[in-house]
Amino acid sequence: MDDDFLFMTLLYDFYGALLTDKQREIFEMYYLNDYSLGEISELLDISRQGVYDTLKRAESSLEFFEEKLGLVKRHQEIMNKLDKIEKGIKIIRQRERDPEILKIIEEIAREIEKLNP
């Protein structure tokens, strides 16, 4: 899978509920169920061009929502920060000898695990 494909499915995870029913249906068939435009066209009894246009409108809408709301960007930033914190905890666990410090680190690690999906 390429990065654009993965990004589009991530946008859908965040904003898919904001699409029309038809856009959601076609998006899911194309991106999530791996149907071709021709297959979708046959199954839904609409032209291939109609499928393409609906899919492009859905993609544009998802990109617009991200541009305005920035939820995916924010999510990715948070996940990167959590990853850095987890790496730091791992280093501290390996080097720290004080049981009280280790106890605090373990508590922090448990809280981070709750945040990480």
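Rounded to the nearest 20 debye, the dipole magnitude of the range 49-117 is 160 debye, with +1 charges on Lys and Arg beta carbons, -1 on Asp and Glu beta carbons, and the Cα centre as origin. Residues GLU42, GLU111, GLU25 ordered from highest to lowest accessible area at a 1.4 Å probe: GLU42, GLU111, GLU25.
For PHE7, the solvent-accessible surface with a 1.4 Å probe is about 80 Å², rounded to the nearest 10. Ranking LYS68, LYS84 by solvent-accessible area of protein heavy atoms (1.4 Å probe, all protein chains present), from largest to smallest, gives LYS84, LYS68. Segment GLU106..ARG93, full-extension length gain: 3.8 nm, with 0.36 nm per residue of separation and the alpha-carbon distance subtracted. With every protein chain in place and a 1.4 angstrom probe, the accessible-area ranking of THR54, THR20, largest first, reads THR20, THR54. Charging the Cβ of each Asp and Glu at -1 and of each Lys and Arg at +1, and nothing else, the dipole of the chain about its Cα centre rounds to 620 debye. Counting only heavy atoms of the protein chains and using a 1.4 Å probe, ARG74 has close to 120 Å² of accessible surface.
Based on alpha carbons, the Rg and Dmax found for the range 3-69 are 11.4, 35 Å.
In the assembled protein chains, TYR12 presents an accessible area of approximately 20 Å² (probe radius 1.4 Å). Run the numbers on the chain and let me know its relative contact order in percent, using alpha-carbon pairs under 8 Å that are six or more apart. With pairs under 8 Å counted, the relative contact order is 23 percent. Between PHE14 and ILE85, the contour length at 0.36 nm per residue exceeds the Cα-Cα span by 23.1 nm. Of the options (1) -0.37, -0.43; (2) -0.33, -0.39; (3) -0.48, -0.54, only one is log10 I(q)/I(0) by the Debye sum over Cα atoms at q = 0.10, 0.11 Å⁻¹ as computed from these coordinates, and that is (3).
Computed over the range 3-69, relative contact order equals 39 percent, with contacts defined as Cα pairs under 8 Å that lie 6+ residues apart.
Have a look at ALA17, ILE108, MET79 and report the one farthest towards the positive end of the charge dipole of the chain, computed about the Cα centre with Cβ charges (Lys/Arg +1, Asp/Glu -1). Farthest towards the positive pole: ILE108.
The values are calculated or read from the model by the stated rules, or taken from the named source; none is laboratory data. Just so you know, these numbers come straight off a predicted model, no measurement behind them. Because the Cβ atoms are built from the backbone with ideal geometry, glycine has one as well, and the counts that use them run over all protein chains shown. When the accessible area is computed, the model is the full protein with side chains, heavy atoms only, and any ligands, DNA or RNA have been set aside. Shrake-Rupley method; radii C 1.70, N 1.55, O 1.52, S 1.80 Å.
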